[in-house]
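Presented below is the structure to which this report refers.
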Amino acid sequence: MVLGSKAENAEEFERLIVEAIRDQAFWRRNFHPGDPTLVTEAVKRQPEYVQAMGTLTDSYRSLLGFLKKSMPFFSTRYQGHMNWDTAMPAVLGYFAAMLYNPNNVAFEGSTATTILELLVGDDLCRMIGFPLPDKAACQAGAVRPWGHITSGGTVANIEALWSARNLKLYPVAMQAALKEDPTLAAASDLRVRTRGGDMVLLRELDAWSLCNLQGDDILALPARLTAEYGISAAVIDAALAKVAPQSLGMHTFFSRYLGELRSPPVVLVPATKHYSFPKAAAILGLGAANVLDVPLDENARMSIPDLERILRSCLAERRPVYTVVGVIGSTEESAVDPLRDILELRDRLRDEGLEFTVHADAAWGGYHVSILREDDESFPGKRPEPSSPRAEVDFSRYTAAQYAVLHLADSVTVDPHKSGYIPYPAGALCYRNAAMRDLLTFKAPYILHAQDEPSVGIYGVEGSKPGAAVAAVFLAHKVIRPSRSGYGSIHRKALFNCRRVYARLLCMARPEDNFVVVPVPRLPAEIDGGDVASQLEFIRHRIDGRDPDALLADEEAMALFAELGPDLNILTYAFNFKRPDGRMNTSLAQANRLNKAVYEVLSLRPGEDPSGHPLLVTTTDFEDAHYGAQFMDSYKRRLGVEGPGHAITVLRSTVMNPWLTDFGDDTFLDMLEREFRRAISRAMFRDSMAQVFEEIDANNDGQLDRAEVEAKFRAMGYADAEIHEFLRSSDTSRDNNISKQEFLESFSQMLVRTSLGPRR
């Protein structure tokens with residue numbers, strides 16, 4: 001369902017793209033065919049037209065050439081960010097809808113794709129596990145979910161925090177409106193349910209109690225005012241608009257109605273949080289300082305003991321909590337936070353008077369839940385049960401347990417343009433209770449004309465957004481389906497491949513090698529306190545290097561295989577090196593330096609041709625301030641380093657290709673190991689040259705002048721002629737200074753030419 005690394009599906013893809021263009025042309029020609037033709041044959045013969053078409057052709061071909069400098073996401077040799085080939089149905093859906101240029105801000109600008117977005121939203125909710133009651137059940141009071149497409153996970157997370165903030169403060173605004181606005185006088189005896197089940201007057205609650213009502217009860221308040229007191233929705237909206245934080249602003253709202261709170265409410269996130277959360281807090285007026293990091297455990301997941309400690313501190317201080325965020329597949333460690341424990345902790349603290357929503361940031365991991373979803377009987381791609389095992393593997397027991405409760409979160413961010421294999425931009429946000437969306441509504445008269453017009457554009461942050469993205473998700477879901485035989489099969493294959501890469505990394509370094517590689521995910525034996533050395537030997541002989549069919553037939557090996565590696569399919573790892581005497585390097589700074597050097601070898605510089613790189617990965621840093629001592633100390637110990645330094649530099653590979661190791665042998669894994677070995681060798685060589693540069697650069701300005709080079713090279717034993725030639729060839733910028741990059745390139749060539757190295 002992809003174009004293919006060698007464009008194997010080019011013929012079918014081209015046929016379907018041409019069909020979309022021809023269908024668009026047919027539609028235009030037959031839409032009021034009597035209307036005048038603008039671009040006539042006479043116009044096409046005019047010199048200006050001919051020149052414009054020539055310029056277009058030349059510029060277009062130039063652009064096509066330049067675009068070949070893009071990252072080759074389709075290739076098995078690209079193992080970096082969360083990108084792989086995009087699904088053909090998604091690209092075709094995007095292309096076809098793009099020709100109509102729909103804008104899903106309003107129904108009249110997207111009369112087809114708005115309908116598709118409503119269908120896609122339901123499909124995503126169904127995938128997450130939110131039940132979709134029928135119309136009769138909704139009329140009887142059943143909670144209905146709702147989802148919509150955004151430009152990405154950042155916008156979805158901002159909306160999730162926005163809705164959590166407005167939900168938390170809604171009872172405060174409602175109390176103010178009941179007290180201050182005579183149009184709501186009939187509802188002055190409105191009662192709400194406390195945690196003990198008692199019904200108490202909303203008007204009499206204090207600020208702390210107002211900030212700890214249950215979400216579904218809050219969302220039911222407007223409908224109750226209409227049903228029980230006959231107050232219309234328009235009157236309720238008008239009264240609340242006078243006192244809501246949306247209108248007054250956070251400063252005025254808090255000073256007027258929540259002055260008794262000693263501390264501002266907070267958002268709790270794991271240290272693996274996406275940058276969108278502090279950004280959202282800044283935008284929403286919550287303050288990034290009120291986004292509190294929860295430290296990680298040794299598996300790079302949110303620490304539940306630390307979460308409980310922080311929440312109990314909030315309870316003791318009577319500090320409201322807007323929401324707790326669990327990351328379902330962090331984008332660096334691929335860790336799935338313990339969502340089941342987060343929800344159970346909320347249930348316990350709810351009984352003690354602390355209420356908050358739970359948001360699941362499943363931007364990366366959302367589509368993986370399709371592994372658990374049974375196929376619809378109508379699914380055209382549903383496959384019979386295989387007669388022999390496929391190269392697929394399910395979630396680990398831990399990960400499956402977290403995904404099993406995903407439907408209990410209040411809101412879920414999902415990015416189709418990540419693990420949905422759909423072109424950018426296509427993020428999504430789904431609410432367990434559709435009424436959450438109404439907390440974000442700003443209805444513009446020119447956008448919404450009639451109550452019977454369906455609309456999604458009035459909910460959320462964005463205005464204009466491409467309906468083409470919606471069509472991409474819609475067609476991908478129609479063909480692949482977000483269930484076990486569709487996306488579920490793709491992700492089980494990707495998990496199988498990721499575990500094989502993990503096993504190879506574990507087994508790659510041999511005793512005679514001058515390096516080690518340490519993946520971030522710990523072995524099951526490390527987690528359970530078992531025999532690590534014995535388990536590593538088992539992996540070496542029974543998992544790594546085995547033919548997939550032989551591995552699949554080995555029940556004992558597969559039982560361990562299913563529990564190996566990261567929770568999902570992003571691998572993070574770091575190298576360390578041995579000193580000449582065989583002892584492991586213990587300097588964190590030196591290990592970081594090596595990993596940065598490896599990354600430089602396995603990454604693209606601006607303007608470079610990607611075809612010159614046999615392998616591409618990416619990098620990141622783990623920082624003490626965010627990750628916490630438990631995780632950082634554990635990983636430093638495993639890497640064998642210590643000493644000063646507040647960050648660990650690691651490499652990262654995303655394994656999205658479901659056919660990565662489907663060659664009947666270890667072609668890919670052998671290539672991966674070979675290129676890592678070459679990169680380590682080159683990195684250590686480059687690092688030794690970099691140390692020479694730093695020794696010469698006495699004033700640490702990042703530049704070498706001629707006098708510095710001459711003095712150092714003479715001391716190293718080079719002749720004046722060699723020094724002169726080096727200065728001439730290395731100063732490519734002709735500014736009489738030599739940058740670090742110029743030095744590294746010229747010095748390495750000098751060493752190769754002389755085959756002598758420094759002479760002392």
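Along each of its three principal axes, how wide is the spread of alpha-carbon positions in segment 57-141, in whole angstrom units, largest first?
Extents along the principal axes, in whole Å: 61, 35, 18.
Which one of Phe515, Gln703, Ala494 has its Cα pushed farthest toward the positive end of the charge dipole of the chain, where Lys and Arg give +1 and Asp and Glu give -1 at the Cβ?
Selected residue: Gln703.
The chain: Rg/Rh from Cα coordinates, Kirkwood Rh?
Rounded to two decimals, Rg over Rh is 1.02.
Give the lysines reachable from Lys279 as a straight Cα distance under 23 Å; neighbours fewer than 8 places away on the same chain don't count.
Reachable lysines: Lys168, Lys418, Lys465.
Would you calculate the separation in nanometres between label points at Glu19 and Thr441, each defined as 7 Å from the Cα along the Cα-to-beta-carbon direction?
4.0
Can you send over the solvent-accessible area of Arg546, 1.4 Å probe, protein chains only, in Å² to the nearest 10?
60
If segment 125-173 were replaced by its equivalent ellipsoid, with semi-axes equal to the square roots of 5 times the Cα gyration tensor eigenvalues, what would those be, largest first, whole Å?
Taking √(5λ) for each eigenvalue gives 24, 19, 7 Å, largest first.
By average Cβ neighbour count within 10 Å, what is the ranking of 408-419, 347-358 from highest down?
Highest-to-lowest ranking by the protection proxy: 408-419, 347-358.
For segment 506-664, divide the Cα radius of gyration by the Kirkwood radius and give the resulting Rg/Rh value with two decimals.
A ratio of 0.98.
Quick one: what do you get for segment 613-734 if you divide its Cα Rg by 2.2 N^0.38 Å?
1.54
Run down the lysines and flag those whose C-alpha is under 16 Å from the C-alpha of Lys596, throwing out any fewer than 8 positions away in its chain.
Lys740
Stokes-Einstein at 4 °C, 1.567 mPa s, Kirkwood radius from Cα pairs: D for segment 291-362 in µm² s⁻¹?
For these conditions, the coefficient is 104 µm²/s.
Please enumerate, by chain and number, the lysines with C-alpha under 21 Å from the C-alpha of Lys68, excluding those fewer than 8 residues away in the same chain.
Within reach: Lys6.
Points 7 angstrom from Cα along the Cβ direction at Ser464 and Thr252: gap in nanometres?
That separation, rounded to one decimal, is 3.1 nm.
How far, in nm, would the chain grow between Glu344 and Ala698 when pulled straight, counting 0.36 nm per residue and subtracting the alpha carbon separation?
Full extension from Glu344 to Ala698 adds 121.6 nm.
Could you work out how much longer the chain between Met558 and Met199 gets when fully extended? Use 0.36 nm per residue separation minus the Cα distance between them, nm to one decimal.
That pair, Met558 and Met199, stretches by 123.8 nm at full extension.
How big is segment 474-513 on each of its three principal axes, counting only the C-alpha atoms and giving the largest first in Å?
Largest to smallest, the principal-axis extents are 53, 15, 8 Å.
Work out Dmax and Rg for segment 1-97 from the C-alpha atoms and quote the Rg first, both in angstrom.
18.4, 55
The values are calculated or read from the model by the stated rules, or taken from the named source; none is laboratory data. Keep in mind that this is a model prediction, so the values were computed, not measured. When we count neighbours, we look across all protein chains shown, and the Cβ atoms used for this are built from the backbone with ideal geometry, even at glycine. When the accessible area is computed, the model is the full protein with side chains, heavy atoms only, and any ligands, DNA or RNA have been set aside. Shrake-Rupley method; radii C 1.70, N 1.55, O 1.52, S 1.80 Å.
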